[in-house]
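Only one structure is covered here, and it is reproduced in the block below.
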Amino acid sequence: MAHDPTHAHEAAVDPAQALAAIDPALARRHRMRQWLGFAILLIGAALLLHQGWRWIKPAGAIGQGSVIAMALQAGLLAAAATAFGTLPALGTRSLSARGQDALMGFGAGVMLAACSFSLILPGLEAARAHATPTGAAAQVALAVLLGAWALMALDRWLPHEHFIKGREGMDPTRLRRTTLFVIAVTLHNLPEGLAIGVAFAANDPVAAASLSLAVAIQDLPEGFVIAVALMTVGYSRRKALLLGAASGLVEPVGAVLGAWVVSAWPLLLPWGLGFAAGAMLFVISHEIIPESHRKGHERWATQGLMLGFALMMVLDTALG
């Protein structure tokens, strides 16, 4: 890519506004297709998440032998949510910048609440079983920082490409754009998978299922945003949907890895919960929030974040 994607995106005209200026009637039909797609997505998402909750939530405490299996199922649910989220892109090739930023903010809010209520608080509780309250707080705080620093190191040294900020990491001139995209998505989704696995290893099935549900909720709009963004930069509809669906496949891998490590070494549980929270907080702060604030729709992004946080807080409290 010879041009600077940052300036290209900032200077681009909102596709919906351009269409409305050319043909108002066509723009109205376009908006109707978008709303129909969103309605189908919401109905299908409700059914998917309801069935997923019944699928991944065991009746009681889970034994060590089934932890990895449960984590794999939850990771697959997240991957399925990402794939399902791409489907509205069948009816539209564009999404308004305001809508995209609101969806990204919503995902950030859901993950912020999941970090707080499903990772950090259980991590503190697990650490208090072997340390004083002060020692437990210091242990989890250090784990959060280690998780963020690990993702920061990967972000710095691995070449990857974002749709708005462009390319980052080491010189990526020898890599294709698809490869850069795959690396970026892996950096984004791997912490979510690790968090799912570590949560199930904590032997609290309700909290683990709640976190898995949060990740799946966040992945629904993410799949749509990824598919639309790929079409915006020139990918065909078919390839954009396939890549968007495939972007969630790293989550079951991360879930199995996280569950296996913490199950094998139970004393790592508070460290694993804090590490996963720190990695996710890095993604939220470094990737999602900045990208949702670069196009002048900060209010919509912030409202989406608050809505996502409040929704996840209610779900976590009600389900827990």
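Once the convex hull of all Cα atoms in segment 213-320 is built, its volume per residue stands at 120 Å³. Accessible surface of T86, taken over heavy atoms with a 1.4 Å probe and every protein chain present, rounds to 0 Å².
If R0 is taken as 56 Å, the Cβ-Cβ distance between A246 and T132 corresponds to a FRET efficiency of 0.75. The residues of segment 239-320 have, on average, 47 Å² of accessible surface per residue, using a 1.4 Å probe with all protein chains present. Per residue, the convex hull spanned by the Cα atoms of segment 110-160 amounts to 75 cubic angstrom.
The values are calculated or read from the model by the stated rules, or taken from the named source; none is laboratory data. Since this is a predicted model, take the numbers as computed values, not measurements. Neighbour counts run over all protein chains shown; Cβ positions are idealised from the backbone, glycine included. For the accessible areas, the whole protein counts, side chains as well, though only heavy atoms, and no ligand, DNA or RNA atoms are used. Shrake-Rupley method; radii C 1.70, N 1.55, O 1.52, S 1.80 Å.
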